[in-house]
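Visitor: Structure in structure tokens, see below.
The values are calculated or read from the model by the stated rules, or taken from the named source; none is laboratory data. Source: prediction; values computed, not measured. When we count neighbours, we look across all protein chains shown, and the Cβ atoms used for this are built from the backbone with ideal geometry, even at glycine.
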Amino acid sequence: MPVEYDDDFYSWTQEQALFLKQGRFDRLDLEHLADEVASMGKSEIRELVSRLALIIGHLLQVQVARTTANEKSWRKTVDTQRYEVRKLLRENPGLKTPRILADALESGWRQGSDLAVRETGLDADGFPEANPYGLDSILDDGFWPRSSPYSAVDGV
């Protein structure tokens, strides 16, 4: 008797993998498999958004809340996340579509600006209302924002 998707997800995944390897396609739970494969793709988008949010949040902190004690840490995080985003995009060229990138950048902006406000403890009014960073700047190792708040760097 096959394992039911809703009863034991882990065992279901292992059974489905075995059926695939054995070529027993008539035993596959195609509806749930299709949903899970689609979900795997969405997780790549979530990773992209999360990494962009960290970069944006820390760029904002460097820009608005300059303190030497924290700036080194923020810069290190930005450097690491820039590398990881470029790697993610290299490994998943389908993420480079204009719509996916625009949506990811918009979501990353919302999450990143919230992060910057939370981590600095500063009033949200001290941060830009709209994203001042374009994707090229966000991923450019040589780019660091000016210290004055609200300075438009490059448009999205």
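Visitor: Among (1) surrounded by 13 or more Cβ atoms within 10 Å (Cβ to Cβ); (2) modelled with pLDDT of 95 or more; (3) not aromatic (Phe, Trp, Tyr), where does residue 90 come up short?
Guide: (1)
Visitor: Within segment 68-84, restricting attention to residues that are within 21 Å of the chain's Cα centre (by Cα) and among the charged types (D, E, K, R), which residue is surrounded by the fewest Cβ atoms within 10 Å (Cβ to Cβ)? If you could, list the steps in order and put the result at the bottom.
Guide: Residues of segment 68-84 that are within 21 Å of the chain's Cα centre (by Cα), as a first pass: 73-84.
Filter once more, keeping what is among the charged types (D, E, K, R): 75-76, 79, 82, 84.
On the way: 75: 15, 76: 11, 79: 13, 82: 19, 84: 16.
It comes out as 76.
Visitor: Which of the residues spanning segment 107-127 are crowded, with 19+ Cβ neighbours inside 10 Å and either without any contact (Cβ under 8 Å) to a residue 40 or more places away in the chain or not polar (S, T, N, Q) (or both)?
Guide: 108, 109, 112, 116, 117, 127
Visitor: Go through 17, 104, 65, 53 for me and flag whichever is surrounded by fewer than 14 Cβ atoms within 10 Å (Cβ to Cβ) and either over 18 Å from residue 139 (Cβ atoms) or in contact with a helix residue (DSSP H, G or I) (Cβ under 8 Å, 6 or more places away or on another chain) (or both). Give the derivation first.
Guide: Numbers: 104 fails: surrounded by fewer than 14 Cβ atoms within 10 Å (Cβ to Cβ); 65 fails: surrounded by fewer than 14 Cβ atoms within 10 Å (Cβ to Cβ); 53 fails: surrounded by fewer than 14 Cβ atoms within 10 Å (Cβ to Cβ).
It is 17.
Visitor: Residue 31: under 10 Å from the mean Cα position of the chain (by Cα), free of Cβ contacts under 8 Å to residues at least 60 places away in the same chain and assigned to a helix (DSSP H, G or I), yes or no? Give the derivation first.
Guide: Details: under 10 Å from the mean Cα position of the chain (by Cα): no; free of Cβ contacts under 8 Å to residues at least 60 places away in the same chain: yes; assigned to a helix (DSSP H, G or I): yes.
Against the criterion (under 10 Å from the mean Cα position of the chain (by Cα), free of Cβ contacts under 8 Å to residues at least 60 places away in the same chain and assigned to a helix (DSSP H, G or I)), residue 31 does not qualify.
Visitor: Turning to a different aspect of this structure: Based on this model, can you work out whether residue 45 counts as among the hydrophobic types (A, V, I, L, M, F, W, C), at pLDDT 95 or above and within 30 Å of residue 121 (Cβ to Cβ)? Walk me through how you get there before you give the answer.
Guide: Details: among the hydrophobic types (A, V, I, L, M, F, W, C): yes; at pLDDT 95 or above: yes; within 30 Å of residue 121 (Cβ to Cβ): no.
No: the conditions fail for residue 45.
Visitor: (1) more than 15 Å from the chain's Cα centre (by Cα); (2) within 30 Å of residue 136 (Cα to Cα); (3) exposed (fewer than 15 other Cβ atoms within 10 Å of the Cβ); (4) touching a residue at least 12 places away in the same chain (Cβ under 8 Å): which one isn't true of residue 38, the others all being true?
Guide: Checking residue 38 against (1) more than 15 Å from the chain's Cα centre (by Cα); (2) within 30 Å of residue 136 (Cα to Cα); (3) exposed (fewer than 15 other Cβ atoms within 10 Å of the Cβ); (4) touching a residue at least 12 places away in the same chain (Cβ under 8 Å), the one that fails is (4).
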